[in-house]
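These notes concern the structure reproduced below.
The values are calculated or read from the model by the stated rules, or taken from the named source; none is laboratory data. All values derive from a computational prediction rather than experimental measurement. Cβ sites come from the backbone with ideal geometry, for glycine too, and all protein chains shown count toward neighbours. Side chains are part of the model used for accessible areas, which takes the heavy atoms of the whole protein and leaves out ligands, DNA and RNA. Shrake-Rupley method; radii C 1.70, N 1.55, O 1.52, S 1.80 Å.
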Amino acid sequence: MVGRVAVVTGGSRGIGFAVAVRFLREGVHVAVLDIRDEGGEHLAAVGHKSGARFLHVMTDVASYRQVREAGDKVREEFGRLNIWVNNAGWDRITPFLSTAPPDWEKVVGINLMGTVHGTRVALEGMLDGKDGGAIVNVASDAGRVGSSGEAGLLVQFGDVQALADAMTELALDRERAARMGAAARRRVERVFSW
């Protein structure tokens, strides 16, 4: 893993932050794409200890243009792209009949379209290179088993799983296939098993 380059969306806190820390400790250069810049000093310090570089790119993953520009910046800064973790997410626990269109637009924009945007940019970058790569889509098990008050979240997690399945089929058709993974049906701790 040493010397590889990883992107973690939503890596300023929570699960994404933990993933970024783990990569940096393993000597992986990390770019965090997030609308927040929390945790950047800590991530840079962790990277410094292992000799890995850290980059924060202010990015709203709901915007394809911003994700594409961030992907270009990562490749410009590090020279390649090996791992992309679609982790950014948003939710508001609200009974279905109490939700409003802006709630759905936000959850679909970040959780679903953010994953679509990241997958597109990552796959193009990985297939252009010689190393292949890995794309990991982090999603809640709630998309499979259901959860009261999270209808928007549940719908998009099912879509994320379907996207991962479709991209796996695409990758299998390519000589330098990117390894695709979806954490939707796994426990979070399995994200860290290589």
- Being among the small types (Gly, Ala, Ser), open to solvent by less than 20 Å² (accessible area, probe 1.4 Å), at pLDDT 95 or above and in a helix (DSSP H, G or I) narrows it down to one of Gly27, Gly71, so name that one. Gly71
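Let's see how each residue does on (1) modelled with pLDDT under 65; (2) assigned to a helix (DSSP H, G or I); (3) open to solvent by 40 Å² or more (accessible area, probe 1.4 Å):
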site: Gly109; (1), (2), (3): no, yes, no
site: His117; (1), (2), (3): no, yes, no
site: Gly132; (1), (2), (3): no, no, no
site: Val136; (1), (2), (3): no, no, no
site: Gly152; (1), (2), (3): yes, yes, no
site: Val155; (1), (2), (3): yes, yes, yes
- Task: State which residue is nearest to Arg13 (Cα to Cα) when the search covers only the range 32-47 and only residues that are open to solvent by 50 Å² or more (accessible area, probe 1.4 Å) and not hydrophobic (A, V, I, L, M, F, W, C).
- Result: Glu38
- Message: Among the listed residues Gly79, Gly10, identify the single one that is buried (at least 18 other Cβ atoms within 10 Å of the Cβ) and in contact (Cβ under 8 Å) with a residue 60 or more places away in the chain.
- Response: Gly10
- Message: Residue under question is Glu76, and the condition is that it be out of contact with any strand residue (DSSP E or B) (no Cβ under 8 Å at 6 or more places or on another chain), within 25 Å of Met1 (Cβ to Cβ) and either in a helix (DSSP H, G or I) or of a type in the set (Ser, Thr, Tyr) (or both); does it hold?
- Response: yes
- Tally time: how many residues in the range 48-64 are closer than 15 Å to Val30 by Cα and either open to solvent by less than 40 Å² (accessible area, probe 1.4 Å) or part of a loop (DSSP other than H, G, I, E, B) (or both)? 6
- Query: Somewhere in the range 120-127, is a residue small (Gly, Ala, Ser), surrounded by 22 or more Cβ atoms within 10 Å (Cβ to Cβ) and within 16 Å of Ser12 (Cβ to Cβ)?
  - Reply: no
- Message: Testing Gln66 on (1) touching a residue at least 12 places away in the same chain (Cβ under 8 Å); (2) within 20 Å of Met113 (Cα to Cα), one condition comes back false. Which one is that?
- Response: (1)
- Kindly indicate whether Arg65 is modelled with pLDDT of 85 or more and within 19 Å of the chain's Cα centre (by Cα). yes
- A careful count of residues in the range 88-107 that are assigned to a loop (DSSP other than H, G, I, E, B), surrounded by fewer than 18 Cβ atoms within 10 Å (Cβ to Cβ) and among the small types (Gly, Ala, Ser) gives 1
